[in-house]
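The values are calculated or read from the model by the stated rules, or taken from the named source; none is laboratory data. A quick note: this is a predicted structure, and the numbers were derived from the prediction, not measured. Because the Cβ atoms are built from the backbone with ideal geometry, glycine has one as well, and the counts that use them run over all protein chains shown.
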Amino acid sequence: MTNFNTLLIANRGEIAVRIIKTAKEMGYETVAIYSEADSDSPHVALADQAVCIGAAAVDQSYLNIDKILFAAERTGADAIHPGYGFLSESAEFAERCEVAGLCFIGPDSNAISLMGNKTIARQKMSGKAVPLVPGYDGPSGDEAVLQREAERIGYPVMVKAAAGGGGRGIRIVREPQKLLSEVASASAEALSSFGSSELLLEKCVEQARHIEIQIFADQAGNTLYLGERDCSMQRRNQKVIEESPAPMMDEALRKKMGEAAVAAAKAVNYVGAGTVEFLVSQEREFYFLEMNTRLQVEHPVTEMVTGLDLVEWQLRVAAGEPLPLKQDEIKLRGHAIEVRLYAEDCEAGFVPQTGKILEWNRPEGEGIRVDEGIIKGQEISPYYDSMLAKLIAYGSTRDEALQRLRRALKGTVLLGLETNREFLLKLIEDPVFKAGNATTRYIEEQFLPTQERGEAQLPSESLWALAAILLSRTIGARGWRSTGVLSWPVRLDCEALSRDFSVSLQGQIYRVENDRSETVQIIILEEKGSQLSVLIDEIQLQLFVAQDESQRLYMGSRSETALFEKLSFSEKKADEEMGANLLAPMSGRIAEVKVEVGRQVKKGELLVVLESMKMFQELTAQESGAVSAVYVEQDSQVEVGAALIDITAEEKG
C-alpha cells in the first residue's frame, strides 16, 4: 500500500475542480497550482492550499516541472494528479515525481513512454490480439520510402505525428502528388507541438467511427474495461460530442473491443486509468489507433452510465488498493452525452475568443451535470485551451438524454464573449446525429468551417426592442415627463447592422416602433441583478443582460444571444416636445442626487444617477429652469415611472 495524504493537482480549470472535489470527499488535503493569469480561478479558491507558480505562459507555469515539484515540496504534498493535457502524458514528469518520492496518479513513466509514441505503441501491439490499421511506422526521413509505402498502403493515407495527440500533426492525403508537401506540413506542426518531427503513415479508414474503450488496471495486474465512448463527432480531429454507449454497439462487438483494449494495456504492464482508441469501419471491423495514458476529457459519460467515480478509482489504485469490481460486475445503464462549451467564434472558422465573462448561468435539472472551471467576472486569456465547461446529460434512453441535453444547452447563458452554444444545438438537432449515424468526417462534410464570417444570425425583433429600451436608459432618455406620452429615437448596431427605433413609455408599458413601422409592447416585470423578467407582447420571458466597460449590451435567453451597441440618439424631437420633469426610466437604486430644490440647472446638466443591473445611468435635464421638487434621495429604491425631479422650465422668448 502507498500512503499519501496531500494531493497536488498539476492542472487548472474544470478538471482541477473535478479532481479537488473527489479528493476532498475522500479525506485528502488538496493543493492547487496556478499561473498569474489564473489567480481568480475557481480551482484556486476550492483547494485547501494554492501556490502561484509563474507567469501566464505555459512554459513558465503549467509545463514547468521544477516549479511544480517545488510547490509540492513547499506544501507538503506527497501525491500529484496531472489531470489531462499539460504534463499528464509526460514520461519525464512521471519519472521526476517517482524520483522525488511523490505518488504519481497514473501509470509509471515506462508505460507512458511506450504508449506516448504511436510508432512504438503500434509495435508493442503487434501480435497482442490488437488489430492494427495497415500502415508504415518505420523511419520517416526518407521521402522515397514514404512514397513507396504510401503506394503499398493505398490512398487515401493518413500522415500522423508519432508523438502527442489532440488532432495536431495529422493530414489526410488523397493524391500521390500531394504526399510530400503534407508530410512537410505535418512534420513541422509535430515538431512545434510535441518536440518531435517523427511521423507514421496509416490507411485512412473512410466513414469510420471513433470508438474508445475506458480501461482500468490495479497494481496487482487486474485489468478490466468500463464500456465504450463514441467520439465520432469531431472537427479538425478534435472531439466535440462524446456519448456512451456507442449507438452502433452490440454486446458481441463491445466484448471483442474491450478484450482487445485490455490486451493493449497488459502489453505494457499498465496501471491506472487509460483509454484505448479504435477506428471502426462501416463493416464493423476495428483497428487500434493509440492509447491515452490519462483520464480523458469525456470521462463523465462513462461515470454516468456506470455509476462510478473514476477519479476515486484512480486515487484508490494509486494507493495500492485492488479494483473494487470484477468485469462481470460492470453494468452499463441508460445513456449519457457530453458536449464541450468553447469560447470561439464558429461563424469565423472557430476562432478562439478572449474577454471577461460578464454573466454565467449554468443549466440545472434532472440528469444534467456541468463540469466547469469558470466564474462570472473571470478573464478568459489567450494562453490556454478555449474550453470553458462540459455539459453532460443522462437519460434512460438516448432520446431522453438528447432531449435533456437540448434543454440544458438552451438554459446555458454565457455573456461577454462568443461561444459555440448555437453550433452545438445545431449538431444535436441534426437528423443524422439524432439517428446515431454520424462518422468522424460528418462535421467537416456537413458543417464546413470557413475562414470568413458567414451570414450573421440576427436577433429577433423582441430582442432588438428590449435592447433599444435598455440602452436608451443608460444615459437617461430624453423626453421623460410626468404626463402624456412622448417617444424618443435611438439607433442600435448589432452584427454590423444599424437600425433606428422609437421608444415611448406610458405608465409601465414601453412601446418600441422599429424601422419597419412594427410595434413591440414590453413591460419590465422584475430586475434582479443581471436577470430580467419581461412581458413582450403578452409573452413572459426570462433573460440575462450585462454591459461591458464600453457600455456594449450583451443579452441572452433560452433561444438566442446578441451583442448590441448604441450608436447615437437622434435629435428628431423639437425641444418644446421634451418634458421638463424627470421620471425613473427603470427600476433601481438612486446612486446619487446632484441637485436640490431651488437650484437653477441648464439643459443637459446631470440630475440623478440611477443604478440597475450593475449599470449606472446618468439622467440629465431636458430643459433649463429651476428645480421645483426632488422626490428621491441617495440609496432609495424606485420603480419604473416614479417621479424623480420636477423642473419649472424657463420662459422662452
### Message
Return the pair list, or none, for Cβ contacts closer than 7 Å from residues in region 52-63 that are in the same structural domain as Ala10 (by TED's automatic domain parsing) and closer than 19 Å to Pro42 by Cα to residues that are of a type in the set (S, T, N, Q) and assigned to a helix (DSSP H, G or I), at least 6 apart or on different chains.
### Response
Gly54/Gln60
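Restricting the search to region 293-312, which residues are among the polar types (S, T, N, Q) and either in the same structural domain as Arg18 (by TED's automatic domain parsing) or surrounded by fewer than 21 Cβ atoms within 10 Å (Cβ to Cβ) (or both)?
Restricting attention to region 293-312, the residues satisfying the condition of being among the polar types (S, T, N, Q) are 293, 296, 302, 306.
Passing the criteria: only Thr306.
With Ile120, Ile172, Ile112, Ile213 as the choices, which residue is β-branched (Val, Ile, Thr), in contact with a strand residue (DSSP E or B) (Cβ under 6 Å, 6 or more places away or on another chain) and not assigned by TED's automatic domain parsing to the domain that holds Gly227?
Values: Ile120 fails: in contact with a strand residue (DSSP E or B) (Cβ under 6 Å, 6 or more places away or on another chain); Ile112 fails: in contact with a strand residue (DSSP E or B) (Cβ under 6 Å, 6 or more places away or on another chain); Ile213 fails: not assigned by TED's automatic domain parsing to the domain that holds Gly227.
Matching residue, one of Ile120, Ile172, Ile112, Ile213: Ile172.
This table checks each residue for (1) surrounded by fewer than 20 Cβ atoms within 10 Å (Cβ to Cβ); (2) modelled with pLDDT of 90 or more.
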| site | (1), (2) |
| --- | --- |
| Ala72 | no, yes |
| Asp78 | yes, yes |
| Gly83 | no, yes |
| Phe86 | no, yes |
| Ile105 | no, yes |
| Lys124 | yes, no |
| Lys128 | yes, no |
| Gly135 | no, no |
| Ser140 | no, no |
### Task
Of all residues in region 526-539, count the ones that are in a strand (DSSP E or B) and either surrounded by fewer than 15 Cβ atoms within 10 Å (Cβ to Cβ) or of a type in the set (Val, Ile, Thr) (or both).
6
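Of all residues in region 310-346, count the ones that are among the acidic types (Asp, Glu) and closer than 30 Å to Lys434 by Cβ. Walk me through how you get there before you give the answer.
Initially, region 310-346 is screened for residues among the acidic types (Asp, Glu), giving 312, 321, 328-329, 338, 344-345.
So of that shortlist, the ones also closer than 30 Å to Lys434 by Cβ come out as 338, 344-345.
Final tally of qualifying residues: 3.
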### Message
Looking at region 348-365 only, could you name the residues that are touching a Leu at 6+ places or on another chain (Cβ under 8 Å), surrounded by fewer than 16 Cβ atoms within 10 Å (Cβ to Cβ) and either in a strand (DSSP E or B) or without any contact (Cβ under 8 Å) to a residue 24 or more places away in the chain (or both)?
### Response
Gly355, Lys356
### Complete set of residues in region 619-641 that are modelled with pLDDT under 80 and either touching a Ser or Thr at 6+ places or on another chain (Cβ under 6 Å) or surrounded by fewer than 16 Cβ atoms within 10 Å (Cβ to Cβ) (or both)
Glu639, Val640
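Among the residues of region 324-347, which ones are not in a loop (DSSP other than H, G, I, E, B) and not acidic (Asp, Glu)?
Just the residues of region 324-347 that are not in a loop (DSSP other than H, G, I, E, B), to begin with: 327-329, 335-342, 344-347.
Once the filter is applied, which keeps residues that are not in a loop (DSSP other than H, G, I, E, B) and not acidic (Asp, Glu), region 324-347 yields Gln327, His335, Ala336, Ile337, Val339, Arg340, Leu341, Tyr342, Cys346.
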### Pick from region 410-440, criterion of a type in the set (Asp, Glu) and in a loop (DSSP other than H, G, I, E, B), ranking: farthest from the chain's Cα centre (by Cα)
Asp430
### Task
Kindly indicate the residue of region 281-292 that is part of a loop (DSSP other than H, G, I, E, B) and touching a residue at least 12 places away in the same chain (Cβ under 8 Å) and also surrounded by the most Cβ atoms within 10 Å (Cβ to Cβ) among those meeting that condition.
Ser281
### Query
If you check Arg316, Arg369, which single one turns out to be assigned by TED's automatic domain parsing to the domain that holds Thr412, surrounded by fewer than 19 Cβ atoms within 10 Å (Cβ to Cβ) and in a helix (DSSP H, G or I)?
Arg316
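Select from region 90-103 the residues that are surrounded by fewer than 23 Cβ atoms within 10 Å (Cβ to Cβ) and within 29 Å of the chain's Cα centre (by Cα) and write down the one among them that is nearest to Ala16 (Cα to Cα). Step through it out loud before you land on a result.
Just the residues of region 90-103 that are surrounded by fewer than 23 Cβ atoms within 10 Å (Cβ to Cβ), to begin with: 90-92, 95-96, 98-103.
Subsequent filtering for residues that are within 29 Å of the chain's Cα centre (by Cα) retains 90-91.
Working: Ser90: 18, Ala91: 20 Å.
Only one residue tops the list, namely Ser90.
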### Pair list, Cβ < 9 Å and 6+ apart or interchain, from region 386-408 residues that are acidic (Asp, Glu) to residues that are surrounded by 17 or more Cβ atoms within 10 Å (Cβ to Cβ) and assigned to a strand (DSSP E or B)
Asp399/His335; Glu400/His335; Glu400/Ala393; Glu400/Tyr394
## Note on the structure
Selection over region 94-127 where residues are out of contact with any Asp or Glu (no Cβ under 9 Å at 6 or more places or on another chain) and touching a residue at least 60 places away in the same chain (Cβ under 8 Å) yields a count of 6
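On the basis of being farther than 30 Å from Leu201 by Cβ, among the acidic types (Asp, Glu), assigned to a loop (DSSP other than H, G, I, E, B) and modelled with pLDDT of 90 or more, does Glu321 make the cut? Quick ask: steps written out before the conclusion?
Details: farther than 30 Å from Leu201 by Cβ: yes; among the acidic types (Asp, Glu): yes; assigned to a loop (DSSP other than H, G, I, E, B): yes; modelled with pLDDT of 90 or more: yes.
Taking the combined requirement at face value, the residue satisfies it.
This table checks each residue for (1) crowded, with 19+ Cβ neighbours inside 10 Å; (2) closer than 30 Å to Ala45 by Cα.
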| residue | (1), (2) |
| --- | --- |
| Ile375 | no, yes |
| Tyr383 | no, yes |
| Thr397 | no, no |
| Ala408 | yes, yes |
| Val413 | yes, yes |
| Glu429 | no, no |
| Val432 | no, no |
| Ala438 | yes, no |
### Task
Mind listing whichever residues of region 136-167 are over 20 Å from Ser181 (Cβ atoms) and in contact with a strand residue (DSSP E or B) (Cβ under 7 Å, 6 or more places away or on another chain)?
Asp137, Ala163, Gly165, Gly166
### Message
I'd like to know if region 387-406 contains one or more residues that are modelled with pLDDT under 95 and either more than 30 Å from Val534 (Cα to Cα) or among the polar types (S, T, N, Q) (or both).
### Response
yes
### Task
For region 266-287, indicate whether the set of residues that are at pLDDT below 90, assigned by TED's automatic domain parsing to the domain that holds Pro324, among the polar types (S, T, N, Q) and at positive phi is non-empty.
no
### Summary
The one condition Ala150 fails out of (1) surrounded by fewer than 19 Cβ atoms within 10 Å (Cβ to Cβ); (2) at pLDDT 90 or above is (1)
